[in-house]
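The values are calculated or read from the model by the stated rules, or taken from the named source; none is laboratory data. A quick note: this is a predicted structure, and the numbers were derived from the prediction, not measured. Every residue, glycine as well, gets a Cβ built from its backbone with ideal geometry; the counts of neighbours run over all protein chains shown.
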Ligand SMILES: C[S@@+](CC[C@H](N)C(=O)[O-])C[C@H]1O[C@@H](n2cnc3c(N)ncnc32)[C@H](O)[C@@H]1O
């Protein structure tokens, strides 16, 4: 069952709720197609940064419909908490849990914001999050709040879109400015709006948080050995680091 947390601030929830509620149903297929079938490949790279055992407790923040959370369950047999601010996304994840019968008993779903998760300090061995930071109002505070939940030495891994460099940039602009909105329309009016919003959202985020500054924010939040890897011609970035202890 999706647990509701009182820390779901109405204001923090407003933008993601507006974007993700209308596309929650059937989210995974358009997400895969519009990423040119890279979406799951990027998830797999993120997962490859983790070394987990069946005893590990993992938090997947911004879990959405739970794609990463179910991967974590299936690959490692770990205890997984999937948290998200948007209830309709979590209800999709819950439907998948229900569809598995007892096969997802190690997955807990929780509605809360990444900025103020109602979870105990140092209670996770690993934290993952994909496509979160563009939606939060305070990136350093969010990184700090997630770091607090991690045990010393634990690993945190993130994934998000990125901006390709050099000759690939004009092609990426063409894709985000024209192809994504048109492609989104094939699925629904709401996906067209998401397609039109994404390019601006990604460019705006990296204007505020160029890659070097983002990695520095991770270090300032208490992570060491912070590294990043680009995927798909630079169109995605995975960042990972260990909590200093
Ligand atoms: C693009 S979806 C990605 C879902 C999932 N991580 C995946 O890779 O398929 C982004 C998710 O971030 C969630 N989100 C946005 N802002 C959030 C916040 N402040 N706290 C928690 N979740 C948030 C949204 O509700 C949405 O489900």
When residues of the stretch 1-49 are filtered for being away from the ligand (no atom under 11 Å from the Cβ), modelled with pLDDT under 90, part of a loop (DSSP other than H, G, I, E, B) and closer than 20 Å to residue 80 by Cα, how many remain? 1
Would you point out which residue out of 164, 117 is modelled with pLDDT of 95 or more and more than 16 Å from the ligand (Cβ to nearest atom)? 164
What's the total number of residues in the stretch 70-114 that are within 8 Å of the ligand (Cβ to nearest atom) and in contact with a helix residue (DSSP H, G or I) (Cβ under 6 Å, 6 or more places away or on another chain)? 6
Verdict on residue 202 being within 23 Å of residue 24 (Cβ to Cβ), buried (at least 16 other Cβ atoms within 10 Å of the Cβ) and in contact with a strand residue (DSSP E or B) (Cβ under 6 Å, 6 or more places away or on another chain): yes
In the stretch 50-69, which residue that is assigned to a loop (DSSP other than H, G, I, E, B) and more than 13 Å from the chain's Cα centre (by Cα) is nearest to the ligand (Cβ to nearest atom)? 50
